[in-house]
Amino acid sequence: MKKSLIILAALASAFATPAIAQQSSLKMGGLWNASRILVEDGQGQNYRDYLAKTWVPNQEFAKAQGWIQDYYILDNINARDGEPNIILLTRYADFPSVAEMERRNGVMNQRMSLDDHSAAVASGSRNVMRKQLGTVLYRELTKR
């Protein structure tokens, strides 16, 4: 008897969870990727040049392809010790499949005349200008 009550309770909770999710006043929206960048002393203008000449055109290309919804460059005016002073935001509708990510990567590498190895080298060469402090991925919640 106890065993069947436990099984019934487990089944009830398994079927109740989707109902609870449907009653939520918020629904899942797009994704926001925030790359946290610490620009090295004396490299601010060099890094801004990279953003303007390379990063922004690549984001515009991705937006034109429908891969991203939008992008932003944020300047952390009052960055505290250990915080990024530049945040690169990219907004996506949803996660692409692995196959789609690989396809997009190939298109972008071809556009930039790179392959995976040379792209990694190019990223590493920017280390004199900036330190990547990591990325944060957020899911937007919107009202139903």
- Any residue in the range 30-44 that's open to solvent by 30 Å² or more (accessible area, probe 1.4 Å): show its pairings with residues that are outside any strand (DSSP E or B) at Cβ separation under 7 Å, as long as the two are six or more apart or on different chains. ARG36/PRO84; LEU38/PRO84; LEU38/ASN85; GLU40/VAL128; GLU40/MET129; GLN43/VAL128; GLN43/MET129
- Message: It is to be established whether one or more residues within the range 76-91 are basic (Lys, Arg) and surrounded by 12 or more Cβ atoms within 10 Å (Cβ to Cβ).
- Response: yes
- Item | Every residue from the range 112-121 that is in a helix (DSSP H, G or I) and either surrounded by fewer than 13 Cβ atoms within 10 Å (Cβ to Cβ) or in contact with a Gly (Cβ under 9 Å, 6 or more places away or on another chain) (or both) | ASP116, HIS117, SER118, ALA120, VAL121
- Task: Take ASN127 and decide whether it is surrounded by 14 or more Cβ atoms within 10 Å (Cβ to Cβ) and either in contact (Cβ under 8 Å) with a residue 60 or more places away in the chain or among the polar types (S, T, N, Q) (or both).
- Result: no
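Would it be correct to say that LEU51 is without any contact (Cβ under 8 Å) to a residue 40 or more places away in the chain and part of a strand (DSSP E or B)?
Numbers: without any contact (Cβ under 8 Å) to a residue 40 or more places away in the chain: yes; part of a strand (DSSP E or B): no.
So LEU51 fails the test.
From the list PHE15, PHE61, which residue is of a type in the set (Phe, Trp, Tyr), modelled with pLDDT under 95 and open to solvent by 40 Å² or more (accessible area, probe 1.4 Å)?
On the way: PHE61 fails: modelled with pLDDT under 95.
Exactly one residue qualifies, and that residue is PHE15.
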- Query: Considering the range 62-111 alone, what residues qualify as being acidic (Asp, Glu) and within 17 Å of the chain's Cα centre (by Cα)?
  - Reply: ASP70, ASP94, GLU100, GLU102
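The values are calculated or read from the model by the stated rules, or taken from the named source; none is laboratory data. Worth saying up front: this structure is predicted, and the values here are computed from it rather than measured. A quick note on method: Cβ atoms are made from the backbone with ideal geometry, for glycine too, and the neighbour counts reach across all protein chains shown. For accessibility, only protein heavy atoms count, side chains too; no ligands or nucleic acids. Shrake-Rupley method; radii C 1.70, N 1.55, O 1.52, S 1.80 Å.
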